[in-house]
Amino acid sequence: MQAADTFNRAVHISHVNYGPHNLEQVEVLESLAETYLAAGEFDLAVDMQERIFGLQARNVDPESLEILPALRTQARWLNRLRLYDRERYTWRRIISILEEEHGRDDLSLIEPLTGLGQSYLYVGTPEVTYHQPTANTTGEIYLKRALRIAEEHPDASWETEMSTMLSLADYYILTSKPGRAERVYSDVWALLSEDEDRLPARREKLQSLKVLQDVQPPRFYGIEDTGVVPARRPEGFETGTVTYSYSVSERGTPTNIQLVEANPAVLDDMERAVGRELRRRMQRPQVVDGMTVQTDNLTYSHDFFYRDSDLPESTAATGNVPD
């Protein structure tokens with residue numbers, strides 16, 4: 001990986017000029033971790049994350065407020081690396097430190113409680129050191145506690161209350177509890193309807209769709225997909241497109257899925273793969289007058305790469321690719 005070699009060279013220069021423990025290298029290490037993650041080199045990405053944490057936590061009391069920036073960075077990286085048990089352990093450390101310093105009802109607890117709650121949407125490979133049995137219903141407990149703090153704290157803004165309510169409602173959508181989700185969305189609608197200055201937030205947060213769980217159909221036809229999105233069309237490949245129309249139900253799920261166009265129109269496997277992925281896409285449903293409603297006439301297009309050799313022989317021989 002040429003990019004990784006370049007970043008490693010930059011890290012080496014940083015060590016020579018500023019010493020092996022300087023914080024100036026953190027930005028380069030983060031770019032290096034991004035490169036490894038994009039290339040599917042998860043072990044190397046984990047190593048980079050641990051180096052970043054070690055640098056940020058160096059000479060800092062591990063139970064003090066000073067450690068929190070390093071722990072927050074670590075928690076977000078662990079989520080991206082799908083190390084959810086370790087992510088939860090990290091959020092709990094943050095919560096414990098904040099409770100010790102500020103008590104159990106401080107506004108600073110909302111962020112880690114929300115992060116901890118949302119982590120229960122995912123199931124990763126159990127790690128013996130960190131593993132605790134989990135269920136996605138556990139996340140509701142932490143999200144409700146965050147909402148209680150936002151509702152009861154005298155210094156909480158309406159924006160803080162709105163965001164905590166939306167986090168809980170979105171969680172219900174993603175855990176197939178649409179009835180509970182609608183009740184919370186209705187409360188958000190009421191909150192954002194109390195003042196004219198809040199109406200723009202209502203249009204943005206409730207009257208427009210928001211993707212909660214996106215999907216990634218294969219980028220290449222006929223070969224293993226590494227998950228890396230090329231900056232430009234690779235040499236020897238052509239660009240194809242599959243487009244579907246669909247609706248988003250009041251439950252946030254795709255429905256009425258129909259193929260609109262496939263170009264080329266002879267790669268049925270890709271059409272089916274995109275359709276399967278689209279069925280997994282979850283969105284915050286549109287809210288009208290406090291009620292979730294179905295949204296129709298939506299489209300989803302996916303670009304992919306294929307080779308001429310992937311086309312059926314009859315098509316490749318004549319050069320006629322159906323529109």
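The values are calculated or read from the model by the stated rules, or taken from the named source; none is laboratory data. Please read all numbers here as calculations on a predicted model, not as lab measurements. Cβ coordinates were reconstructed from backbone atoms using ideal geometry, including for glycine residues, and neighbour counts include every protein chain displayed. Ligands, DNA and RNA are stripped out before the accessible areas are found, and what is left, the full protein with its side chains, is counted by its heavy atoms. Shrake-Rupley method; radii C 1.70, N 1.55, O 1.52, S 1.80 Å.
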Of the residues in region 192-208, those that are open to solvent by less than 70 Å² (accessible area, probe 1.4 Å), under 24 Å from D296 (Cβ atoms) and basic (K, R) number 2
Answer yes if at least one residue in region 126-139 is buried (at least 20 other Cβ atoms within 10 Å of the Cβ), outside any helix (DSSP H, G or I) and at pLDDT below 95, and no otherwise. no
Answer yes or no as to whether L32 is modelled with pLDDT under 90 and either farther than 30 Å from E151 by Cα or open to solvent by 10 Å² or more (accessible area, probe 1.4 Å) (or both). yes
Listed by range, strands (runs of 3 or more DSSP E) wholly within region 178-264 having at least 2 residues that are free of Cβ contacts under 8 Å to residues at least 60 places away in the same chain and within 21 Å of M282 (Cβ to Cβ) are 238-248, 254-263
Name the pairs whose Cβ atoms lie under 7 Å apart, with the first residue in region 38-56 and over 14 Å from P69 (Cβ atoms) and open to solvent by 20 Å² or more (accessible area, probe 1.4 Å), the second part of a helix (DSSP H, G or I) and of a type outside the set (K, R), and 6 or more positions between them or separate chains? L44/Y36; R51/L29
Quick one: in region 290-301, of everything that is over 21 Å from the mean Cα position of the chain (by Cα) and buried (at least 17 other Cβ atoms within 10 Å of the Cβ), which residue is farthest from G222 (Cα to Cα)? T292
Checked V287, V211, V215 against criteria (at pLDDT 95 or above and open to solvent by less than 40 Å² (accessible area, probe 1.4 Å)); the one match is V287
Please verify whether region 306-322 includes one or more residues that are modelled with pLDDT of 95 or more and open to solvent by 40 Å² or more (accessible area, probe 1.4 Å). no
Residue match in region 60-74 (condition: closer than 25 Å to Y89 by Cβ, surrounded by fewer than 16 Cβ atoms within 10 Å (Cβ to Cβ), in contact with an Asp or Glu (Cβ under 7 Å, 6 or more places away or on another chain) and at pLDDT 80 or above): yes
